[in-house]
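Right, one structure below, let's go through it.
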2 protein chains.
Amino acid sequence: MINRRKTKTVNVGSIKLGYKNPVVIQSMTKVPTVDTPWCIRQVNQLIQAGCQLVRIAVPRRADTLALAEIIRKVKVPIIADVHFSPDRAIEAIEAGAAKIRLNPGNIKKREDIRRIIDAAKMHRIAIRIGVNEASIADYQKRQVPTQRRIALMLKEMKKYVRIFEDRNFDRLVLSAKSSDALRTIEINRMIAATFDYPIHLGLTHAGLPEDARIPSAVSLGTLLAEGIGDTIRVSAAGNPVDETIIARQILTALGLREKSGPELVVCPTCGRTEIDVIKLARRVQKAIRRVDKPLRIAVMGCIVNGPGEAADADLALCGGKNKAYIYRKGRRVSIVPESEAVTALLNQLQKF
Amino acid sequence: MINRRKTKTVNVGSIKLGYKNPVVIQSMTKVPTVDTPWCIRQVNQLIQAGCQLVRIAVPRRADTLALAEIIRKVKVPIIADVHFSPDRAIEAIEAGAAKIRLNPGNIKKREDIRRIIDAAKMHRIAIRIGVNEASIADYQKRQVPTQRRIALMLKEMKKYVRIFEDRNFDRLVLSAKSSDALRTIEINRMIAATFDYPIHLGLTHAGLPEDARIPSAVSLGTLLAEGIGDTIRVSAAGNPVDETIIARQILTALGLREKSGPELVVCPTCGRTEIDVIKLARRVQKAIRRVDKPLRIAVMGCIVNGPGEAADADLALCGGKNKAYIYRKGRRVSIVPESEAVTALLNQLQKF
């Protein structure tokens, strides 16, 4: 139901970014790149969690050396995150990165950028121009109004893109990140209206996971619902697997990613509820942990919406007074005491 | 930066809903309504958490009797959640509810609805027409396509609204809920385009809190960013205080609600990081728990975006190799060993 924005298609190793290609989840390793076994382990954990592209920081020469080894040993295209140093960019390209990220805020000399473009062309890899609000010199003063910040980010992007286009390089991915959800929405709408390259979405420096997930879902969700965004990275301080799980939930909510396992619909409960919905739902949640079919299972408290959600679910448990109605494919199959409700539901589950 | 949709203004007790009025957070009690002390305690916990309207279920006569007592003893307008029974609606209105919610899926007789409208008029209270996807008879069969579900919800809404308008009743609030985020976005866009009454937003039956928050943030966030939505209720199975906290986070992310306490900006960390950002951030988080000023505090790992975020923050800690730079209002005030970083930051906090 979402009309994805028309963009060029950009290959990042085996992954295609843009337009009708599925929105790709990416994350970043958070361990020292030079500790290659640890770094490879984290890349594999990310792949396991559903991450399709992994970015790795390469601040020093030792990191790009390690990068070559990591790339050889993992099964996912690797992106090198480059700041300040054009040499790191060239080294990362030669190490086999499928894409590099450049920050216009800290690699500014035209001859440096051109040198990087030529290397990327030769190796046929992609480059993300990653504008970051906090990296732009002009707003390193407080109280710069929102509209001016957005205008400056867009100006920085336009200037940088032109350097690439002047050299006929079009394997570009664009991003503009802010730690403010509204500014992130606004700048990405402008970038979407100005360019036809795929867009990488992210809310940056969003905080600890409990603070980061809602603003990330709001900003990335709003843009994705408008068809903007071809790859996303959720930023949260902590384990990158958490970032990947949040990213998956955002895409799944919008129908941009298939559900990979069962979905548990649970009514919020209210003063009408006469069975312990939460306890039952927690028990069902635990029991279906290893189920990998995309079943829809509903645990509902009363007759207001219970039968309706049951009709839409593969399996449902709908509460009455100390008893539960069990539904399979919308048809009521049994009435059992509350204490037997979960067992009865799981018996039906066996039949799938 | 969000242009709120133009609507009529509807009073719900002391609260004004619609257009330029702030988006209002509401939730629902989840304890037996007849247990009035417990119910009142939960209403007060919700108020404490930032909830501005509280809805209470009144399935039986005993509940509307209890409702009158609850309304006398709490400081927030109370909404009665009515299903199936027109008598409960009239009783709730007479008990002093500031608004009642009717479900077109289960109160259908015109003479019943007219009787309720007349009572609401006499008591000058508001009515929410709460269409619920799972309550509409026509889709109590599986595999009904999305567009047909949306069309049916809209048709149900139009039919019901006409009954109210024919009786010159315009203190209406409209809602159409689904457990699917995309359908929730779509149906609300249509309702916003069709009517000029305030809209109540919610994603229903969203699941346990860990499953509910991302789809809720995505669907409500997208609509709010488009200017749609005048009151929101996040549904999550469990304590309604959690619903209120998620609702607050959604509104705050979009600048629709002022930040009530400090905001902790934390970089996600990566292979560049040379100090333990997460540990430092957790310690700062704990130390500022009782601070109620809307300060912006940044804990950043390196020089890429550290100085930029520091420039935007009231206070910042930016990591180097085993040391930290402390910033106050964007100016660097000290360099300290990592072990003294949090203390140094908190010393600066004293000055605010």
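The values are calculated or read from the model by the stated rules, or taken from the named source; none is laboratory data. Computed from a prediction, not measured in an experiment: that's the story for all the values here. All Cβ positions, glycine included, derive from the backbone under ideal geometry; neighbour counts span all protein chains shown. Heads up: the accessible areas ignore ligands, DNA and RNA and are worked out on the full protein's heavy atoms, side chains in. Shrake-Rupley method; radii C 1.70, N 1.55, O 1.52, S 1.80 Å.
Numbers at a glance
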item: Sole exception among (1) more than 23 Å from B:Leu201 (Cβ to Cβ); (2) in a helix (DSSP H, G or I) for B:Arg124, by number; result: (2)
item: Selection count, the range A:177-186, where residues are closer than 17 Å to A:Ile136 by Cβ and either open to solvent by less than 20 Å² (accessible area, probe 1.4 Å) or of a type in the set (Gly, Ala, Ser) (or both); result: 4
item: Residue in the range B:35-59 that is farthest from the other protein chains (Cβ to nearest Cβ), counting only those that are buried (at least 16 other Cβ atoms within 10 Å of the Cβ) and in a loop (DSSP other than H, G, I, E, B); result: B:Gln52
item: Residues of the range B:188-225 satisfying the condition of being in contact (Cβ under 8 Å) with a residue 40 or more places away in the chain, over 14 Å from the mean Cα position of the chain (by Cα) and more than 8 Å from every other protein chain (Cβ to nearest Cβ); result: B:Asn188, B:Met190, B:Ala192, B:Thr194, B:Asp196, B:Tyr197, B:Pro198
item: Some residue of the range B:244-260 being touching a residue at least 24 places away in the same chain (Cβ under 8 Å), more than 9 Å from chain A (Cβ to nearest Cβ), charged (D, E, K, R) and more than 28 Å from B:Val291 (Cα to Cα); result: no
item: Positions within the range B:20-32 being farther than 19 Å from B:Ala97 by Cα and surrounded by 16 or more Cβ atoms within 10 Å (Cβ to Cβ), in sequence order; result: B:Asn21, B:Pro22, B:Val23
item: Hits in the range B:5-18 - residues which are more than 30 Å from B:Leu65 (Cβ to Cβ) and open to solvent by 60 Å² or more (accessible area, probe 1.4 Å); result: B:Lys6, B:Lys8, B:Thr9
item: Test: residue in the range A:293-304 that is part of a loop (DSSP other than H, G, I, E, B), surrounded by fewer than 21 Cβ atoms within 10 Å (Cβ to Cβ) and at the interface with another protein chain (Cβ under 9 Å from one of its Cβ atoms); result: yes
item: Options A:Leu201, A:Leu174: the member that is out of contact with any Phe, Trp or Tyr (no Cβ under 7 Å at 6 or more places or on another chain) and open to solvent by less than 40 Å² (accessible area, probe 1.4 Å); result: A:Leu201
item: Checking A:Gly105 against (1) in contact with a helix residue (DSSP H, G or I) (Cβ under 7 Å, 6 or more places away or on another chain); (2) open to solvent by 10 Å² or more (accessible area, probe 1.4 Å); (3) modelled with pLDDT of 95 or more; (4) closer than 19 Å to B:Arg272 by Cα, the condition it does not meet; result: (3)
item: Selected residue (only one of B:Arg101, B:Arg115, B:Arg148 is of a type outside the set (A, V, I, L, M) and outside any helix (DSSP H, G or I)); result: B:Arg101
item: Residues that are within 26 Å of A:Ala225 (Cβ to Cβ) and more than 10 Å from chain B (Cβ to nearest Cβ), drawn from the range A:261-292; result: A:Gly261, A:Pro262
item: Some residue of the range B:255-277 being crowded, with 22+ Cβ neighbours inside 10 Å, in a helix (DSSP H, G or I) and of a type outside the set (Val, Ile, Thr); result: no
item: Qualifying residues in the range A:72-94 (those that are open to solvent by 30 Å² or more (accessible area, probe 1.4 Å) and within 24 Å of the chain's Cα centre (by Cα)) - the one nearest to A:Ile25 (Cα to Cα); result: A:Lys75
item: Positions within the range B:60-70 being out of contact with any Pro (no Cβ under 9 Å at 6 or more places or on another chain) and either under 19 Å from B:Ile232 (Cα atoms) or surrounded by 19 or more Cβ atoms within 10 Å (Cβ to Cβ) (or both), in sequence order; result: B:Thr64, B:Leu67, B:Ile70
item: Residue match in the range B:171-181 (condition: more than 18 Å from the chain's Cα centre (by Cα) and over 30 Å from A:Val234 (Cβ atoms)); result: yes
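So that you can scan it fast, the table gives a plain yes or no per residue for (1) under 23 Å from B:Ser179 (Cα atoms); (2) surrounded by fewer than 21 Cβ atoms within 10 Å (Cβ to Cβ); (3) in the same structural domain as A:Val173 (by TED's automatic domain parsing):
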position	(1), (2), (3)
A:Asn188	no, no, yes
A:Ala192	no, yes, yes
A:Pro215	yes, no, yes
A:Ser219	yes, no, yes
A:Thr222	yes, no, yes
A:Ala225	yes, no, yes
A:Asp242	no, yes, yes
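Residue-wise test of (1) closer than 15 Å to A:Val218 by Cβ; (2) not β-branched (Val, Ile, Thr).
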{"position": "B:His200", "(1), (2)": "no, yes"}
{"position": "B:Pro209", "(1), (2)": "no, yes"}
{"position": "B:Ser216", "(1), (2)": "yes, yes"}
{"position": "B:Ser219", "(1), (2)": "yes, yes"}
{"position": "B:Thr222", "(1), (2)": "yes, no"}
{"position": "B:Ala225", "(1), (2)": "yes, yes"}
{"position": "B:Ile228", "(1), (2)": "yes, no"}
{"position": "B:Asp242", "(1), (2)": "no, yes"}
